[in-house]
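Structure, as structure tokens:
The values are calculated or read from the model by the stated rules, or taken from the named source; none is laboratory data. Not measured: the values here are computed from a predicted model. So basically every Cβ, Gly included, is an ideal-geometry build from the backbone, and we count neighbours across all protein chains shown. Only protein heavy atoms, including side chains, enter the accessible area calculation; ligands, DNA and RNA are left aside. Shrake-Rupley method; radii C 1.70, N 1.55, O 1.52, S 1.80 Å.
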Amino acid sequence: QVQLVESGGGLVQAGGSLRLSCAASGSIFSKNAMGWFRQAPGKQRELVAVVTSDGRTNYADSVKVRFTISRDNAENTVYLQMNSLKPEDTAVYYCYLNLGGLTYWGQGTQVTVSS
């Protein structure tokens, strides 16, 4: 059984930084994609960033340049470094793992950016 455990959310002022981490455990194949989605109140869940096991990345236009996704394959861990945070980045951030066509989700971590 696959489990995703997130950490690193919190409250920060606009212009500040946060780093999210997500560790996957269980039967993890070497070929997979990990990343982050977010959901703000009253809005749909949206992709923030994703990184494949061979290092390819993709970002939402709204976070390009400000956010950086990375991963440690040996530890099955993905990170999201968020800089220059804006109030509109406020949301619950969900880690996800796409493995063999199946998608697994973390429990979510709240990120709140005050103006």
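Going through the range 60-81 one residue at a time, which ones are open to solvent by 20 Å² or more (accessible area, probe 1.4 Å), free of Cβ contacts under 8 Å to residues at least 60 places away in the same chain and under 14 Å from Tyr96 (Cα atoms)?
Within the range 60-81, Ser70, Arg71, Asn76 qualify.
Considering the range 39-58 alone, what residues qualify as being within 23 Å of Ile28 (Cα to Cα) and part of a strand (DSSP E or B)?
Leu47, Val48, Ala49, Val50, Val51, Thr52, Thr57, Asn58
Checking Ser84 against (1) without any contact (Cβ under 8 Å) to a residue 40 or more places away in the chain; (2) of a type in the set (Ser, Thr, Tyr); (3) not in a strand (DSSP E or B), only one condition comes out false. Which one?
In the conditions (1) without any contact (Cβ under 8 Å) to a residue 40 or more places away in the chain; (2) of a type in the set (Ser, Thr, Tyr); (3) not in a strand (DSSP E or B), Ser84 misses (1) alone.
Being among the acidic types (Asp, Glu), more than 14 Å from Leu20 (Cα to Cα) and modelled with pLDDT under 95 is the filter here, so list the residues in the range 57-87 that pass it.
Within the range 57-87, just Glu75 meets the criteria.
Answer yes or no as to whether Leu11 is open to solvent by less than 70 Å² (accessible area, probe 1.4 Å), assigned to a strand (DSSP E or B) and not polar (S, T, N, Q).
no
Tell me the residue from Val65, Val92 that is among the aliphatic types (A, V, I, L, M) and assigned to a strand (DSSP E or B), please.
Val92
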